[in-house]
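Asker: Once you've had a glance at the structure underneath, I'll fire off some questions.
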Amino acid sequence: QHLMKQLPKLDELVCVFGGQLIKGRGIGKIIELAIYAKKQGLKAKFFIFGDGPERERILNDIVKFDVAEFVIYKGFKPREEYLDFLRCADLGLVFNSGDVSVPTFPSKAVDYLRSAVPILSFVEDATDFGEILQNEIRAGWSASPKNESRLFAKFSEAAKMERHELLEIGTIGQNWYLENMTVSKIAE
């Protein structure tokens, strides 16, 4: 419950990244989006949950690029606390480095889908996750290293949406999760 008290005002887009802070997760994109939001006057907060070898780099970059008002590092939290926070999030971030050469389905996307959080992804071209997210699930947006400007355009689009519109997109993802990704469905 103490996390809920730290949520930004209702007019700010609540973005969340949850996972290991390791190379290959594209964590630097969070800082890039925060810089972009600051320059564009977009009201957004980026909450980072997790820990790992890239923690110091992220903390240093928050200071170096003067985005402390936008990026909040929460560190490692118990899973239930993290999942409680997701109920208040407007946008889940799935970023990879863009260097992976095999198809992936990022596991953090499962928590976002289950929690009805729309997804903004930046994933390598070798995977079909972005295509699945946008065209099959229809629960968010995806960009790749071949079209990086799309990441910022779609972030702007999400930042300007009403909360109920984001929730509608998130609910589409949650329904897809319930139809396709529950334990009983996957076991089939």
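The values are calculated or read from the model by the stated rules, or taken from the named source; none is laboratory data. Owing to the predicted nature of the structure, the values given are computational and were not obtained by experimental measurement. As a convention, Cβ positions derive from the backbone with ideal geometry for all residues, glycine included, and neighbour counts pool all protein chains shown. For accessibility, only protein heavy atoms count, side chains too; no ligands or nucleic acids. Shrake-Rupley method; radii C 1.70, N 1.55, O 1.52, S 1.80 Å.
Asker: Can Phe76 be described as open to solvent by 20 Å² or more (accessible area, probe 1.4 Å), out of contact with any Phe, Trp or Tyr (no Cβ under 9 Å at 6 or more places or on another chain) and over 16 Å from Leu120 (Cα atoms)?
Answerer: no
Asker: What number of residues within the stretch 144-188 satisfy the criterion of being in contact with a Phe, Trp or Tyr (Cβ under 6 Å, 6 or more places away or on another chain) and among the hydrophobic types (A, V, I, L, M, F, W, C)?
Answerer: Count: 2.
Asker: If you check Phe155, Phe70, Phe65, Phe129, which single one turns out to be at pLDDT below 95 and aromatic (Phe, Trp, Tyr)?
Answerer: Answer to the check: Phe129.
Asker: Of all residues in the stretch 138-174, which are open to solvent by 70 Å² or more (accessible area, probe 1.4 Å), under 18 Å from Phe46 (Cβ atoms) and part of a helix (DSSP H, G or I)?
Answerer: Passing the criteria: Glu157, Arg163.
Asker: Can you name the residue in the stretch 109-137 that is open to solvent by less than 30 Å² (accessible area, probe 1.4 Å) and in contact (Cβ under 8 Å) with a residue 60 or more places away in the chain and is also nearest to Phe95 (Cα to Cα) among such residues?
Answerer: Restricting to residues being open to solvent by less than 30 Å² (accessible area, probe 1.4 Å) and in contact (Cβ under 8 Å) with a residue 60 or more places away in the chain, the top hit is Phe122.
Asker: Limited to the stretch 1-42, what total is found for residues that are open to solvent by 20 Å² or more (accessible area, probe 1.4 Å), in a loop (DSSP other than H, G, I, E, B) and at pLDDT below 95?
Answerer: Looking only at that region, the number is 14.
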